1. Scan (1) more than 16 Å from the ligand (Cβ to nearest atom); (2) touching a Ser or Thr at 6+ places or on another chain (Cβ under 6 Å) for the single condition residue 66 breaks and write down its number.
2. Being buried (at least 17 other Cβ atoms within 10 Å of the Cβ), at negative phi and among the small types (Gly, Ala, Ser) narrows it down to one of 191, 140, so name that one.
3. Quick one: is residue 29 modelled with pLDDT under 95 and within 13 Å of the ligand (Cβ to nearest atom)?
4. Would you pick out the residues in region 209-235 that are touching a Gly at 6+ places or on another chain (Cβ under 6 Å) and among the acidic types (Asp, Glu)?
5. Please work out if residue 50 is within 22 Å of residue 117 (Cα to Cα) and hydrophobic (A, V, I, L, M, F, W, C).
6. Under 9 Å by Cβ, and 6 or more places apart or on different chains, what pairs join a residue from region 188-216 that is among the aliphatic types (A, V, I, L, M) with one that is in a helix (DSSP H, G or I) and surrounded by fewer than 14 Cβ atoms within 10 Å (Cβ to Cβ)?
7. Could you tell me whether residue 182 is within 16 Å of the ligand (Cβ to nearest atom) and not hydroxyl-bearing (Ser, Thr, Tyr)?
8. For a quick check of your reading of the model, give me the residue pairs whose first member lies in region 10-36 and is assigned to a helix (DSSP H, G or I), whose second is aliphatic (A, V, I, L, M), with beta-carbon atoms closer than 8 Å and at least 6 apart or on different chains.
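The values are calculated or read from the model by the stated rules, or taken from the named source; none is laboratory data. All values derive from a computational prediction rather than experimental measurement. Ideal geometry is used to build each Cβ from the backbone, glycine not excepted, and the neighbour counts take in all protein chains shown.
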Amino acid sequence: MSFTSEMNTSGLYVHVPFCQKKCAYCDFYSITCTSLIPDWLSALENEASLYRGRFGVFDTLYLGGGTPSLLDLHQITALIEGLRRHFSFSPDTEVTLEANPDDVIPEKIKLYQGLGINRLSVGVQSFIDRELAFLGRRHSARQTLQALEAFRKAGVANLSLDLIYGLPGQGLTGWRKTLEQALAFQPEHLSCYQMTYEASTPLGRKKALGEVAAATEEEERDFFLFTSRFLEGRGYLHYEISNFARLGEANNQPNDPLLDNKESFKRIAKSEKRKPYYSRHNRKYWRHVPYLGLGPGAHSFQNGNRWWNVRSVQAYCQALAQGRTPVEDREILSPEQLRLEALYLGLRTREGVSVEFLSRTPGWEKTLRKLQKAGLIEVSQDRAVPTRQGFLLADSLPLRFMDAGLEEDTGCPRGNVFASGPRPLAPEPFLPAPDLSTHSWQEDNGQDT
Ligand code: SF4
C-alpha cells in the first residue's frame with residue numbers, strides 16, 4: 001500500500017474496556033468486572049452493524065484498552081470474526097493488539113497469528129521490579145522477558161513496547177537499563193511516555209499528599225532529550241513526541257515522502273531507503289484521516305465530524321440492547337477548528353506542517369523566523385518541522401502562530417498566551433538560540449548523555 005492511500009484509508013479502533021486489576025497511574029476507562037465481557041461482545045457486534053458500509057475499506061484495526069489480551073481464545077476469535085462479518089479490510093491491514101506480558105500463553109500467540117493479528121503492542125513500562133510495583137503493574141520483569149522471548153520465538157515480526165520514564169528514583173541510569181533491555185529484542189516500535197500523575201488515580205492522590213517525589217521539570221526535560229538522542233543513535237526515528245520507529249528492511253517501501261523530504265531523515269537513510277515501522281493506525285489520528293471507534297468511550301472522526309460513545313460499559317450495552325446508538329455526544333468542527341487542530345497535531349510530529357499551510361495564518365513569517373532562530377523549528381523542503389528542542393515545547397508552538405495571527409488582526413499584543421493553554425516544559429517563551437553543533441537533529445543523533 002502506498003503512503004498516499006495509507007493516509008486516505010480509514011482506520012478501525014475497538015475499545016476493550018476490561019482489566020484484571022487497575023494500575024496505580026492509569027486513568028483510561030476500564031473496569032475489572034470481566035463477567036460483562038459476553039454482553040460487551042454482543043453489543044459491539046450490534047454497534048458494528050450500525051456502521052456497515054459507512055467507512056469503506058479499513059487498512060488498520062487497533063484493539064486497545066483496557067487489556068485486549070485478557071480476552072480468552074473464544075472471545076478474541078468471536079470479536080475478530082464479528083468485525084470481519086461487518087467490515088472490509090485491505091489485504092495488508094495492520095492489525096494491532098495491546099497485550100500485557102502476564103496474559104501471554106503460547107496458544108494465544110498462535111491464535112493471534114491465525115486471526116491475522118500482525119502487530120503486538122506490549123505494556124512493558126519498565127524492566128525493573130521495584131518500578132513495576134510502584135506503578136501497580138501485575139507482571140514482573142521476568143514475566144515480560146519470557147513473554148517477549150515467546151513472541152519472537154513464535155515469529156511475531158512487529159512488536160511495539162510501551163515504556164515509562166521519570167519514575168521516582170529511576171534516574172537516567174535506571175532508564176537507560178530499561179531502554180537497553182528493550183533494545184535487546186529489537187522492537188520495531190517504542191512508545192516512551194513521561195510519568196504523569198492524574199488526580200483521579202491512586203498515584204495522583206499520593207502525589208497530592210506529598211507522598212511521591214515526582215520528577216522536576218528539569219529532570220523531565222533531561223529524560224526526554226536523553227531518550228530521543230539515545231534511541232536515534234540506535235537507529236530509531238523519533239517521529240512523534242512519544243513514539244520511535246525502527247528503520248525497516250532496505251528498499252521495503254521506497255515511496256515514503258517523509259524519508260524523501262526531510263534532510264534530517266536523509267542522513268539516516270542516505271545509502272538506502274528503509275521505511276520505519278511507524279504505527280500506521282496512530283498516524284491516522286495525527287493526520288485527520290477518518291477513523292471509526294467502537295466500544296465504550298471510543299471516539300470516531302469522519303468529514304469534520306467527531307463523535308464519542310458513553311464510557312460506562314453497562315450504559316453502552318443497554319443502549320445497543322434497546323436498539324439505541326451509544327453515542328454520547330458529537331461535534332462538527334469548523335474549517336478554522338480543523339486548521340488549528342491540524343497545526344497542533346502536525347507540530348507534534350517529525351512530519352511537521354507545510355509552509356503553504358502555515359502561510360494561511362496572518363503574521364506567520366515573523367513567527368516562523370523567530371522559531372527558526374530559537375532552534376525550535378527547521379524548514380526543509382517546504383515543510384516546517386519541530387526540532388528536538390521544539391518537541392519539548394510542542395504544545396505551545398501552535399499558540400505562537402495563533403498569537404501572531406491575533407496580534408496581526410487586532411494590533412494588540414495578547415499578553416500571556418500560556419495562561420490558559422498547555423503548559424510548556426520550559427518556562428521561558430523562547431529558548432536561547434541553541435548551539436547547532438549539539439542540538440540540531442542532524443548533529444546530535446547518537447549522543448546519549
Ligand atoms: S495501564 Fe493498561 S492494564 Fe493498567 S489499568 Fe490501565 S488499561 Fe488496564
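1. (1)
2. Values: 140 fails: buried (at least 17 other Cβ atoms within 10 Å of the Cβ).
Matching residue, one of 191, 140: 191.
3. Judged against the criteria, residue 29 is a match.
4. 220, the sole residue that qualifies.
5. Spelling it out, it is not the case that residue 50 is within 22 Å of residue 117 (Cα to Cα) and hydrophobic (A, V, I, L, M, F, W, C).
6. 199/208
7. No; evaluated as a whole, the condition is false for this residue.
8. Pairs that qualify, where the first residue is assigned to a helix (DSSP H, G or I) and the partner is aliphatic (A, V, I, L, M), are 34/70; 36/313.
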